[in-house]
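Just so you know, all these numbers are worked out from the coordinates, no wet-lab data involved. All of these numbers come straight from a predicted model, not from anything done at the bench. Glycine gets a Cβ as well: all are built from the backbone with ideal geometry, and neighbour counts include every protein chain shown.
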Amino acid sequence: MFSGWNWVAHGFYLLLNICTFEVSGGLVQSCGHIIPESPVLALGSNFTALCILNESCLDFGNIYANQIIWKIKNKVVPKEQYREINRTVSSVTFNDTSSLATPLTCNILADGQIEQNIYGIAVTIGLPPEKPKNLSCIVHQVSKLTYPMTCTWNPGRHTFLDTHFRLKYRWPQENFPDCIPKDVNNSCTIADVQFFVNLEVWVEAANALGKAESDPLVLDPIEIVKPLPPHNLSVNSGILPTVLKLSWENRISGAVMKLKFNIRYRTIGDTNWMQVPPEDTASPRTSFSVQGLRPYTEYVFSIRCMKEDGVGYWSDWSEEKTGITTEDKPSKGPPIWRIVDASRSPASWTLHLMWKALEPFEANGVILQYEVTVRAKSSLSSPPEKYNVNTTNLTLKLPNGTYEVTVIARNRVGASPPSVLLIPASNSKAPVKNVRTLPKDGKLWVGWTAPSSYVLKYVIEWCLVSNSSDCIIEWQNEPGNVQGTYLKGDIKPFKCYLITVYPLYADGQGSGQSVKAYLQQDRPSKGPTVQTKKVGKAEAVLTWNHLTVDEQNGFIRSYTIFYKTVDGNETAVTVDPSKTEYTLSSLTSDTLYTVRMMAYTDEGGRSGPDFTFTTQKFGKGEIEAIVVPVCLAFLLIVLLGVLFCFNKRDLIKKHIWPIVPDPSKSNIAQWSPQVPAKHNFSSKDQMYPEGSFTDVSVVEIEADDKKSFSEQDLKPFDLLKKEKSTSEGHSSGIGGSSCMSSPRQSVSDSDEGETTQNTSSTVQYSTVVLNGYRDQTPVQVFSRSESTQPLLDSEERSEDHAGGGDSTTQRQQYFKQNGGQDETNTDRPCFERTKQIISANEGDLVGFAQLQISSQSSQPLGLGLEKNTQEAALPDGVQTNTEGQTMRPETVEGNPPSADEMPKSYLPQTVRQGGYMPQ
Amino acid sequence: MAAADSPSAALRRRDLCSRGIRLAGKMRSDVVDLLDTYVERQGLDASASVAAVEGVPAAAVERWDEQTGTQRLLENLAAYRAFRVLLAQMLEEQREQLGEADAALGRALAGVLLQVSAFAYHLEELLRLESRAPPSEEGSGPPPAPHLGLFERKLRGLGVLRELAQWAVRSARDLRQLAKPSPGSSSAPGMAESP
């Protein structure tokens, strides 16, 4: 603790001593200094600095050289570089000054604890100047008498120091003040120099580390002059149309310099300069006539100059001046061609003459008009016709023939040589062959093989083929000795051109040979739109339209059809470009296909839109192959059936349409004396003439039961009738009601109209006769004819009329069938109610059942039954029927046959009871 | 004379003559221009006649064609040394009179002075090629300019310039004569060149 305070007190004392010393001395003086003071050092050299302490400080502060610490900025220099020269001097050495930096300070460590700065110096490090190189000078003329000289040089490497350059120059006997560059270190301009005396020029570079001089340049400034270009250039047209005279003023005295010149010129609009031969302008002058120019052409001129002997520099080009040569007569006649339109009239032409305006270098002036002469070759006597036109075409209507057309262009100076075109009546001469094209250098070249005979010239016609515009013909002439040329026009890429070559002979003209060409092809702008024309089971006929010429962009080389199923691979088929239809085969039936089509030119293809179609499930004829045999088989079966039915018609008829005997024709009906005769019975009688009435049903009922049957047993029938009447005649499935229903009636009930029909056609077909048993003579007869068994009138009649030996069999079957129906269809209640009848006579059951069915089958029948007893009128529904039908019940019940007829029809039917015996 | 016989000396002589002739031509051209400027700026009459200026050697000489080359060179050198002094005086007077106001006239005078000096150097070099050391300038110059009035100084300047223009013509002819290959002459063959 004590030692720490001791150090602080000692340091404070030392600082106080220093300050006291400085103040007492009256000067600000440090305890030492460094030698050298602010040195400028060469980069990479070695350097030694000395720090010298003042003796006075030694006494006050016990400061010695061995306590000195050298620092660069704040970095201590390694002690290995120190050397204590004596008690007050310490040195530090740096082998390479590149490790130095500013400031370099000398410090002292007082009592080994406190570091105190004694002195510091700034060190400047740089390089000595290099010898300036590549000194060159040029004298720019800025006015007639002022010739400043500018010299430039390479100053060499950067020195990191302030380096001064001086351009020195002198005459052998006289020195001049140095030229000091301003703001730059590599050039300087001497305001004025004198010519014809050699001048020695050199550059001196100097900085703190040294001085360097360039190699001297000895020159006469006149040899490095870049003069001002001639001025006041004027261009005047001369007498000749091919000459222009230039005049100018030189801006350098001939006494100073003799000049030579360059003259360049070009036409307006051209960028390339032409030059007058230099040898023509290699001597001093102030004017020159440029020859070989084109008449009536505007030229631009410019001129420059330099020292005549070529030593020095060319001046800049002078300002440009223009001049126009005078007109000359046209150098050639305009190229001429024609279009012959013979479509309107076979005997005359519409002749479109057209010629090209002369190029400016051919027109040699302003073309004022064209003189066209048309001479008919066929009629030499007729004078040629002349036309003066201002345009470049002329349309004439001429009779067919051979003509010679001459065109002359005329300007202010004169007329051109004539252009002659022979228009023959027909292009009968040999044409060219093998017309071909080739795109080359952005132009379209047309070549052909010349005919064997001498050709004056060729005419190449071409036009752009397009859907949107007409073929506007362009053309050009070519001399007869060429067999190919470039088309001179705006030939566009991707467009189709129709090119035709005509050879022109001295005495005629060959027909044109054409070829189509593209300057450049591209992919088609769209693909063909494909669609199906016909789709089958395994094939599809595709059709498409050719692309229009505007869409093709090139020659269509091929089509490719791509088709695929939804999940299948795409299949490609290449098709000839001339086709517009193609059949895809081997397709899968009933499958969705996607098809598209690409059209290819030489440059590639483009696809059209997708089209989908589905193949058919059956192929062509398959359905027919199935349907036709089936139909034939069906027809055959039907035919066989018909034949069979025809053969078995009787059997069928017996089963299906059994012949129901017409009660009205029954003998018993005729016989019954109690049946009152109706007034209109005769009509019925006419319908069923005697002899034809063969089919009747006979129910034999015991005579003993006549009364009970007629009175008691019929009551329930009346009740049933009433019930039926109240239940609107429909089968209700209750007891007797259903029992009364016959199958046919049930069907009829379901169809009102048919019911009506059935009802209306109801025929009372049954006659119940109460007679004696067997051969007994019947005592009492109850006869009724109320059967409503539906009968087809015609059939019934036909059967009746045709009644043959089979009638007995049919009748038997009919009864059997009815019996069967009773057994199967009759409900039990019905059966119970009929027991009484069974008990009376079991053999009558069948007939009674038939009676039940008959009475239930038609309500009017029931009504008729009641009315029969009451002798009521016919039901209304029956009245609406045909007369013959409506008559039948009346015939049975109300109209007994006449006394004469009764025995005839009755006798055969009264043979036996409960059956039917053949007559 | 030995030096003049060497090819390099002959080339050097021809070159000096050639450029001396062209320098004389330019000097005459510039002096003529300077005369116009001088007359205008000094307010003098271009047609004013000026008496012979003291200390200015006359360009006109009798029997010019009989002079030797060395004699021509010496007369030219003496004349141009005199002109150099006179022009320097004129330049100083002009600066005193007009200051920097008329820099163009001063630059023109300085330019002519430089050309006169350069031409004198040409002559000295030619004399050296003739193995003749050029005479010392001491005592050969024009007498000190007397104290003249302003107008007299202007007229004197006009006279100096006119005489210089004459000398420029004569010097060109002298050098052309020197450049001619003449057996009687000590000079080497040279190529004549017209200004």
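For this structure, a couple of remarks:
- Distance between modelled label sites at residue A:651 and residue A:470, nm, 7 Å Cα→Cβ extension: 9.2 nm
- Other residues lying with their Cβ under 10 Å from the Cβ of residue A:410 contribute a combined charge of +1, Lys and Arg counting +1, Asp and Glu -1.
- Average partner coverage of B:11-19, which counts Cβ from other chains inside 10 Å: 1
- Using θ = phi - 60° in the Karplus curve 6.51 cos²θ - 1.76 cosθ + 1.60, the 3J(HN,Hα) couplings for the stretch A:472-485 round to 8, 7, 10, 7, 7, 9, 9, x, x, 9, 9, 10, x, 7 Hz; x is entered for Gly and Pro.
- Exposure proxy for B:158, A:636: other Cβ atoms within 10 Å of each Cβ, ordered fewest to most, give A:636, B:158.
- Karplus-derived 3J(HN,Hα), 6.51/-1.76/1.60, for each residue of the stretch A:353-363, Hz, glycine and proline x: 8, 9, 9, 8, 5, 5, 5, x, 6, 9, 6
- Charge tally in the Cβ shell below 13 Å around residue A:465, where Lys, Arg are +1 and Asp, Glu are -1, residue A:465 excluded: -2
- Put in line by how crowded their Cβ is, counting other Cβ atoms within 10 Å and starting with the fewest, A:69, A:324, A:34 read A:324, A:69, A:34.
- Entries in A:168/A:211; A:443/A:516; A:329/A:356; A:356/A:440 that, when Cα-Cα distance is taken, lie over 22 Å: A:356/A:440
- Least to most buried among A:590, B:65, A:178 (fewest other Cβ within 10 Å first): B:65, A:590, A:178
- Net charge contributed by nearby residues that have their C-beta within less than 11 Å of residue A:541 (K/R +1, D/E -1): 0
- Shielding score for B:109-115, defined as the mean number of other chain Cβ atoms within 10 Å: 3
- Between residue A:591 and residue A:174, the contour length at 0.36 nm per residue exceeds the alpha carbon distance by 138.9 nm.
- For peptides A:247-254, A:496-503, A:165-172, A:35-42, sequence by mean Cβ density within 10 Å, most packed first: A:496-503, A:165-172, A:247-254, A:35-42
- Computed extension length for residue A:574-residue A:457: 37.7 nm, one decimal, from 0.36 nm per residue of separation with the Cα-Cα distance subtracted.
- In this structure, the amide hydrogen of residue A:583, modeled 1.01 Å from its nitrogen in the peptide plane, lies closer than 5 angstrom to those of A:542, counting only residues at least 5 positions away or on a different chain.
- Average silhouette area of the stretch A:32-126, convex hull of alpha-carbon atoms, in square nanometres: 5.4 nm²
- Distant-in-sequence amide H partners of residue A:289 (H built 1.01 Å from N, under 5 Å): A:246
- A dipole drawn for the stretch A:302-429 from +1 and -1 charges on Cβ atoms has a positive end, and of A:313, A:406, A:334 the residue lying farthest that way is A:406.
- Taking label points 7 Å from Cα along the Cα-to-Cβ direction, residue A:514 and residue A:538 give a separation of 4.6 nm.
- Inter-chain neighbour count for B:27-36: the average number of beta-carbon atoms from partner chains within 10 Å of each residue's beta-carbon is 2.
- Peptide ranges B:73-81, A:472-480 listed from the most packed, as the mean C-beta count within 10 angstrom indicates: B:73-81, A:472-480
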